[in-house]
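First comes the structure, then the notes that go with it.
The values are calculated or read from the model by the stated rules, or taken from the named source; none is laboratory data. These figures come from a predicted structure and were not determined experimentally. Here the Cβ positions follow ideal geometry from the backbone for every residue, glycine too, while neighbour counts run over all protein chains shown. Calculation scope for accessible area: heavy atoms of the full protein, side chains included, ligands and nucleic acids excluded. Shrake-Rupley method; radii C 1.70, N 1.55, O 1.52, S 1.80 Å.
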Amino acid sequence: MEKQFKHWEDVRDLFRNWREENCRQSEDVVDLWKEVLVNHFSKLGDEGWLVLEQVFIAALDCHSMEVANFCLSKLNQEFPDSMRVKRLKAMKYEALERYEDALDILDIIIKKDETNAASRKRKVTIYKSQGMIIEAIKELTDYLRIFMADQEAWMELSDLYISQQEWNKAAFCVEELILHSPFNHLYLQRYAEIKYTQGGYENLEVARSYYAQAAKLNPNNVRALYGLLLTSVHMASNSKCPSQKKKESIKLSEWATNQLSQLQSSNDSKLFSSQILEGMGNLQIGNDAKN
């Protein structure tokens with residue numbers, strides 16, 4: 001950190017701003033704690049406990065276990081029965097790769113409070129870090145039975161199903177997201193990508209429809225435009241496609257091509273190329289199943 005803080009109140013205010021803005025700044029937090037704030041902890045009042053939690057998480061990020069243990073010890077002394085402090089202890093075990101110990105603590109927390117969302121999410125994170133995708137899916141499914149409106153969790157579950165190539169279940173998760181936010185072009189694009197990957201004429205038709213809607217909502221969505229181009233070309237060349245829909249597909253492919261050309265001429269060419277390549281990477285998974 002370039003700026004030097006000489007007064008502890010400046011550091012306290014900076015930490016407060018980072019908490020409010022949800023900025024980790026882990027290295028800076030640990031350094032400023034050791035250099036300035038640790039010697040003035042008693043002056044922080046009740047805010048000190050929030051600062052300790054902030055420093056603890058930052059210390060785990062930096063693997064500064066001495067600082068983490070100091071913060072956790074202080075918190076445990078003040079709040080010995082706190083579920084929040086127990087969750088922090090589980091995070092410490094997770095950082096030390098003592099996953100079984102971390103899971104045991106999280107299970108205790110969840111047994112006492114089934115609606116503890118943070119602890120359930122930490123279990124999912126632990127399972128993912130160990131490559132235990134099936135267990136992560138089960139835990140996240142149980143979580144969503146309670147917190148059905150958590151869009152981030154639905155997206156995470158969709159990603160997990162995609163990693164297991166369970167396309168129908170992944171599509172169901174995105175359908176839930178679309179129900180929550182029907183005008184979110186990224187959700188529509190994701191659903192189209194899944195359907196495109198599944199292959200087959202019917203899925204291509206659905207994919208084209210959702211790509212078109214995503215491009216309509218955001219004409220600058222390169223991946224949606226490129227997906228619309230590919231699905232339209234595939235449909236136009238498919239023997240199952242009626243003549244009327246072939247004409248529609250040809251018109252859509254021409255429109256998508258024009259939109260992409262306009263974007264290429266108006267945007268930075270390198271950025272545009274990287275977006276196209278990213279789109280290709282997402283759309284070529286199921287190329288063998290298009291017919």
Open item on the list: Give me the residue from segment 199-248 that is among the polar types (S, T, N, Q) and closer than 15 Å to Ala171 by Cβ and, out of that set, most open to solvent (accessible area, probe 1.4 Å).
Closed with: Ser209
Open item on the list: Can you find a residue that is over 27 Å from Lys121 (Cα atoms) and either surrounded by fewer than 17 Cβ atoms within 10 Å (Cβ to Cβ) or under 32 Å from the mean Cα position of the chain (by Cα) (or both) anywhere in segment 62-79?
Closed with: no
- [ ] Any chance you could count how many residues in segment 81-104 are under 22 Å from the mean Cα position of the chain (by Cα), more than 16 Å from Lys128 (Cα to Cα) and surrounded by fewer than 19 Cβ atoms within 10 Å (Cβ to Cβ)?
- [x] 1
Task: Any pair with Cβ under 8 angstrom, 6 or more apart, that starts in segment 230-241 at a residue that is outside any helix (DSSP H, G or I) and ends at one that is surrounded by fewer than 18 Cβ atoms within 10 Å (Cβ to Cβ) - done: Asn238/Tyr201; Asn238/Asn291; Lys240/Tyr201; Cys241/Tyr201
Task: Residue that is modelled with the lowest pLDDT [pool: residues in segment 130-185 that are of a type in the set (Phe, Trp, Tyr), open to solvent by 20 Å² or more (accessible area, probe 1.4 Å) and under 17 Å from the mean Cα position of the chain (by Cα)] - done: Phe147
Task: Among (1) modelled with pLDDT of 95 or more; (2) open to solvent by 70 Å² or more (accessible area, probe 1.4 Å), the one test that Lys6 misses - done: (1)
Open item on the list: Is it the case, given these coordinates, that Cys23 is open to solvent by less than 50 Å² (accessible area, probe 1.4 Å) and assigned to a helix (DSSP H, G or I)?
Closed with: no
Open item on the list: As an exercise: evaluate Asp28 against (1) farther than 29 Å from Gln151 by Cβ; (2) open to solvent by less than 20 Å² (accessible area, probe 1.4 Å); (3) not basic (Lys, Arg) and give the number of the one condition it does not meet.
Closed with: (2)
Task: Residue count for segment 42-57, restricted to those that are free of Cβ contacts under 8 Å to residues at least 12 places away in the same chain, open to solvent by 10 Å² or more (accessible area, probe 1.4 Å) and assigned to a helix (DSSP H, G or I) - done: 1
